[in-house]
Number of protein chains: 2
Amino acid sequence: MPEPRWLDDDEFRAWIGYRRMRLLLDAQVNQDLTRESGLSAPDYDVLSALTSSEGHRRRLTELADRMLWSKSRLSRHIGRMEQRGLVAREGCETDARGSVIVLTEQGLRTIREAAPGHVASVRRHLIDLLSPEQIDALGTIAETVLAHLAPDEDLRR
Amino acid sequence: MPEPRWLDDDEFRAWIGYRRMRLLLDAQVNQDLTRESGLSAPDYDVLSALTSSEGHRRRLTELADRMLWSKSRLSRHIGRMEQRGLVAREGCETDARGSVIVLTEQGLRTIREAAPGHVASVRRHLIDLLSPEQIDALGTIAETVLAHLAPDEDLRR
DNA sequence: ACCATGTCGTTGACGTGTAAACAACTGTGA
DNA sequence: TCACAGTTGTTTACACGTCAACGACATGGT
């Protein structure tokens, strides 16, 4: 048995609060997103990552690394989005194994239409509830934790 | 098109930071938990909720409400945990439809052995990285968001 | 007592994530 | 140039969650 150094009240409040917030906030934001745009949260993440990539395209592995997804998961998800016409697969010119994921016209249109509503949802359920100091504190907390969990990587968007 | 009121830099940093933290922190804590105790995060949550219930037992619906899970999900998960001997089902005396979930001896032993390591993991990857002010800020942020998303309910543990 | 309506918990069909195995291909050192 | 270890992306088998439908039972009004 190691050191059973328990959580005090404030620490417990923070941890449980975080867990409950995560549960309810994500559920609400995802629900808003799906209702308004027909996109799931993973859909939105993929489209968003592609939109901010050069030429609206990216190698599968690069995309997976950037999103912290497994290649398997991304491959499957791209398959589904491809069938809906949101993205397309292209062969890679410099590596015959590789596949390049490209945002389609429809995919671009879809996320452009979804974005304002999504941002409004994030504002409504999180950002606009907090003071500038709290926004800043949350950003700093997240950066601290991320620096600990992934010290070297550049995990920016 | 509604009002495209975008996120400014601080707001964006907070939102993206929150999403990445959620991804990495949960993955790390869950991985620690599973490696050290063989329990998944949902397993731990169920055992934890039962441990803090009178008689180590609870009606399925009550448990589901408290955990913010669907009854369907809980029923299936209890089924799996039952097969591993962590919990047991009993009929309800006052309502013949009902089923009561009971913590078994083995379940109690399992979570008691898992708890210290789990708390240590939470400390290592979150709590001990933050100042008391940050802990407090996180707790307040979570409470604010929860008050907005579930104004009436008592969502305490 | 009876019927309508609602709740409890479970289940089937389905969508999606993971882990492991896989074929196809790359690139490096002998 | 040629084996060979490593990568790339896909796929197969499986675990798990959701939604809708369901049977069994409870409850309230008549």
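A few notes on this one:
- Peptide A:127-139 has a mean of 6 when you count, residue by residue, the C-beta atoms of other protein chains within 10 Å of its C-beta.
- With the convex hull drawn around the C-alpha atoms of the protein assembly as shown, the volume per residue stands at 174 Å³.
- From the largest down, segment B:80-157 spans 49, 34, 17 angstrom on the principal axes of its Cα atoms.
- Over chain B, Cα pairs under 8 Å with separation of 6+ residues give a relative contact order of 23 percent.
- Given a 1.4 Å probe and the protein chains as shown, B:Trp6 ends up with an accessible area of around 140 Å².
- Take the accessible area of chain A alone and of chain B alone, subtract that of the pair, and you get about 6200 Å² summed over both chains, using a 1.4 Å probe.
- Copy-to-copy label distances for B:Ala41, where each label lies 7 Å from Cα along Cα-to-Cβ, are 1.0 nm in order of increasing length.
- Computed in the context of the full set of protein chains, the accessible area of the protein assembly as shown at 1.4 Å probe radius has 48% of its extent on carbon or sulfur.
- Loop-resident GluC sites (Glu not before Pro) (DSSP state other than H, G, I, E or B) in segment B:52-130 with no more than 16 further Cβ atoms inside 10 Å of their Cβ: B:Glu93.
- Nearest-first distances (nm) between copies at B:Ile16, label 7 Å from Cα via Cβ: 3.4
- When the charge dipole of the protein assembly as shown is built from unit charges on Cβ atoms (+1 for Lys and Arg, -1 for Asp and Glu) and taken about the Cα centre, the candidate among B:Pro116, B:His56, A:Ala150 whose Cα reaches farthest toward its positive end is B:His56.
- Of all beta-carbon atoms in chain A, the one sitting closest to the axis that brings chain A onto chain B gives A:Ala137, 2, with the distance in whole angstrom.
- Distance from segment A:49-118 to segment B:31-58 (C-alpha centre basis), Å: 38
- Distances in nm from B:Asp95 to the matching label points in the other copies, shortest first (labels 7 Å along Cα to Cβ): 5.6
- Loop-located trypsin sites (Lys or Arg not before Pro) in segment B:13-87 (DSSP state other than H, G, I, E, B) with a sparse environment of at most 14 neighbouring Cβ atoms within 10 Å: B:Arg84.
- Local electrostatic count, A:Gln28, Cβ distance below 13 Å [Lys/Arg +1, Asp/Glu -1]: +2
The values are calculated or read from the model by the stated rules, or taken from the named source; none is laboratory data. This structure is a prediction, so every number in the text was calculated from the model and none was measured. Please note: Cβ atoms are built from the backbone with ideal geometry, for glycine as well, and neighbour counts cover all protein chains shown. The protein model used for the area step is the full one, side chains on, heavy atoms only, and it has no ligands, DNA or RNA in it. Shrake-Rupley method; radii C 1.70, N 1.55, O 1.52, S 1.80 Å.
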